[in-house]
1. Let's see if you can work this out: charge +1 on each Lys and Arg Cβ, -1 on each Asp and Glu Cβ, no other charges. What is the dipole magnitude of chain A about its Cα centre, in debye to the nearest 20?
2. Packing-wise, with mean Cβ within 10 Å as the measure, how do A:396-404, A:455-463 rank, highest first?
3. Contact order normalised by length for chain A, with contacts defined as Cα pairs under 8 Å and 6 or more residues apart; what percent is it?
4. Trypsin sites (Lys or Arg not before Pro) within segment A:106-168: which are DSSP loop residues with at most 13 other Cβ atoms inside 10 Å?
5. Give, as a single signed number, the net charge of other residues whose beta carbon lies under 10 Å from the beta carbon of residue A:172, with Lys and Arg counted +1 and Asp and Glu -1.
6. Relative contact order, percent, of segment A:107-180 when contacts are C-alpha pairs under 8 Å separated by at least 6 residues?
7. Could you compute the net charge surrounding residue A:576? Neighbours are other residues with a C-beta less than 11 Å from the C-beta of residue A:576; K and R count +1, D and E count -1.
8. List A:265, A:419 from most exposed to least, where exposure is judged by having the fewest other Cβ atoms within 10 Å.
Amino acid sequence: MDYLLEDLNDPQKEAVTHRDGPLLVIAGAGSGKTRVITRRIAWLLAHGVDPRRILGVTFTNKAAREMAGRVEEALPGVRIRLSTFHSACAAFLRRSAPALGFSSDFTIYDTSDRDQLLKSLMKERGVDPKEHRPSQIGAQISSLKNSGVLPTDPEFHQSESIHYVVRRIYEPYQEALRANNAMDFDDLLLKFLRLLQNNPEEKAAYARRFDYLLIDEFQDTNKIQYDIVKLLASEHKNLCVVGDPDQSIYSFRGAVLGNILSFPRDFPGTKVIRLENNYRSTANILAFAQGVIARNRLRYEKVLRPVHGEGEPIGFIEAADGSEEGTLVGHKIRRLLDQGVDPREIAVFYRARFLSREIETCFKNLGIPYRLVGDLGFFQRREVKDLLAFLQVCANPLDRVSFERCLNVPPRGIGQVSRRLLMEEAAREGLPPAEFLRRGMIVPGVRGKAKRGFLEFGKILEEAAGRSLETVQGTLRLFLERTNYLNEICRTGSWEDVDREENVGELLRDAAEFDKRWEELSEQYPDHSPVSAYLAQVSLMTDQEERQADSASVQLMTVHASKGLEFDHVFIVGLEEGLFPHSRSMDDLEGLEEERRLFYVAVTRAKKRLFLCRAERRRGFDGGFHPQQPSSFFQEGRQQLGGGGDPWVYEEDSGELPEFAVGDWVRHARFGEGSIQTVIGRGRNTKVEILFQGGIRTLLVEYAKLEKVEGA
DNA sequence: GGAAGAGGACTTTTT
DNA sequence: GTCCTCTTCC
Ligand SMILES: Nc1ncnc2c1ncn2[C@@H]1O[C@H](COP(=O)(O)OP(=O)(O)OP(=O)(O)O)[C@@H](O)[C@H]1O
C-alpha cells in the first residue's frame, strides 16, 4: 500500500502516516492540503480502520463529494461518506431528538423559512417587518447562535449591544421552532453542542463513536464547531485539521481565525506540519497572489514556493459596462474553446451572486455552455418550494411555516380572513391546523369557496396519510393530480411556464431516484417515512450539483463557492471598488483584510491563466448606470505586473458580417424566427434586438448565426 | 373576501 | 429580476 504515498512529498507523507494524536497541517494555497486529508483517510482505511469510525468533515456538500471521490480513486472499491458539519450534526441530532423535545424527523428550516417565521412572529407582536427586515433580524439571531448564545442564557439579557427587536423576538422564535418541530441551520450545530455539554452520557458515547477525526478548511470553523470537535475528540485526540489562515473567508458566519492558531495550545503535543510547495499555479500567478496577501497586517506568514514555471502573464479585461464585460469574457472563452480547451477547466468568479446574470445573458447569446455552481436556484424555486412544503406538512403537521405556504397553492379561495378563522378554531380544538383539516373538520363562519378549499386540502392530506407516505414520488403525484397543479400554474403559456414544468419534472425524477434507493438508505433514517427521510436529505442540499456534474460547461460561481477548487483558466469579474472589495466590508480593517483574503482565494484557484476583469459602469436596480472605480485589487495587478499595456486587443480578422435592418425577418437556431426591432452599434460589435415568439432577445450579430428569411 | 395586476424596495458571501 | 404590499375588480 506504499503506492498511496508515491505522489506525495516528504511532509505530506509524514502527515498521511501520522498515526495517533493531534495533527495540524498549516499551509498556503495549492500546497496539497486536501490531498493530505483524502490520502490520510485512504491510508487509515488501508490499515484496517473501519470507515464508520472515521469522521471526515468539510465545509460544503460539493467538497464532501469531491473528496470522497478522491479517496475512492486512491483506494478502488472502498466507499466512504464525508460530511459537512451541518449534515453530521443533523444526523446525530435525529438520533437524540426526543431528549431535546423534538421528534427524530424534525424539519430543517432554511433561511427563507426562518425569515417567514420571524415575519409572522413580528407581526403578532406589532413590529413592522418593513421597518426591521426579518432577514436582518434573522441574521443577527444567527450570529448570536454562532457565538453560542441562546435567549435563555444570562449573557443574552446582559448584553447591551443586542437590537431591541432581536431581544424581543429571539426567545419566541426559539419557542416557535420547537412548537413547529423544526430547527434552523444554526440550531443543528448549537443544539448538538448543548446536548454534549449538558449530558455526560451522550458526551461519552460520542467521544467514543469515532476513532479518527479529519477536518478540512479548519480556518473557517466557528466557535461552536470547534467546541463540538473538541468534545468528539476528547478521549482519543486523534484529530487531524488542515487549513490556511490566509483563506479564512467566512467570518460572517462566525468563523474565527483563532481556532487554527490556538490549536497547538488547545491540544498539547500537536504535531505541526507545514507544506511549502505550490503545485497548482504558474509562478506568475503565485507571485501575484503572494503580493496581494502580503499587504494584510493580521497574518500568519508562511513559505510557498512555485513548482511550475513562470507561465503566461496575467490578463486584464476592461469593459465599458457590465454587458460588455460579459461579452469580452465570452469572446476570450470562445477562443479558448476553439483551441480545444475543456470547458470544465474554465471558471468565472464573482463577488456577489447578482453579477452572474449579466454574464449568463452574454454567454447565452454567444452560445457558450455554462453551469451555475452552487446555484440556490432549484430548491428555492417557487414551484419546488411549494411541493416540498406540501411534503413537509404531510411529514410534520406541526410545521406551520410550510403549512401556511402550501395551504392556498394553487389558489383555492383561502385568504387572510379564512386563514385566521382556521387558526383560531384549530387552536380551540387543540389541534395543529393541518391535522384539523385532515380530519375534515369545519371552520365556523367560513363558507363558499374557502370552505370547499379547506375540505379539499384536508382530503388530500388524509389521502396522503392513508398511503403512509410510502413513496416520495407517489405523494407528490397525488398532490399534483388532486390539485391539477401543473395546469393551474402554467396557465399563461409563456416562457417561464416551460421552466416550471421542467422543474416539477426534475423534482419528480429526483424523488423517484430516492424511492429506488430507499431500501439501502432506510437504515440511515430510523423512524422516518420515506417522505420525511427525503426531506431530511433535501433540506441540507442547497445546491443541485449532482444533477449536472458531468455536463461539459464553463463554471460560473461566487468566489466563496470556489474555495478548494482549481481550474486551468480563471476569470474574476466585477473588480470594482465597492463590489470587490464589497462596500459593506470596507469600513474596518478586519473587513478589508477578509476581502483581500477572498481575492487571494480567487487568484490561487488558477492553474495556468488568470484574467482580472472590470467594467467602467454598471446598471443599478433602477436601470440607470453608475460609474465604477477599478478595484484596488485590479490596480495592484496592474502595478505589480508593470502596467502591462493591454494584453486584451480585439483581433480585426473575421470576414464580413451580414447586415441587418429594423424590420428584417431572421431565423435563429434556438429561438426560431423573429423580427429585428433595433440595431445597436456597428461592425463586429453590432447587437440586434429581435422579437421572437418567446419574447425579445438581444444578440450579437457575430455570434448569433442569424439567417435572413426572405420575402416575409 | 379573494385574486390578479401594478408599483415599490431591495440584492455580500453560505449551511 | 424578485419579493412584498397596495389597489382594483370579481
Ligand atoms: N506532492 C504532490 N505532487 C504533485 N502534485 C501535487 C502534490 N500534492 C498536491 N498536488 C496537486 O496540487 C494541487 C493542489 O492540491 P490541493 O487541492 O490538495 O491543495 P490545497 O492545499 O488543499 O489547496 P487550497 O488550500 O488552495 O484549496 C492539486 O492539483 C493536487 O493534485
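1. On the way: 98 positive and 106 negative charges, 274 e Å.
Charge dipole, chain A, about its Cα centre: 1320 debye, nearest 20.
2. Working: A:396-404: 22.9, A:455-463: 17.6.
The peptides rank, most packed first, as A:396-404, A:455-463.
3. Values: 1128 pairs, mean separation 111.8, N = 712.
Value for chain A: 16 percent.
4. Answer in residue order: A:125, A:130.
5. On the way: positive: A:125, A:168; negative: A:124, A:171, A:175.
Residues near residue A:172 contribute -1 overall.
6. 32
7. Working: positive: A:351, A:614, A:617, A:618; negative: A:318, A:325, A:577, A:616.
After counting each charged neighbour, the total is 0.
8. Least crowded to most crowded, the residues run A:265, A:419.
All of the numbers you see were taken from the coordinates with simple rules; none came from a lab. Computed from a predicted structure; not experimentally measured. No Cβ is skipped: glycine too gets one built from the backbone with ideal geometry, and neighbour counts run over all protein chains shown.
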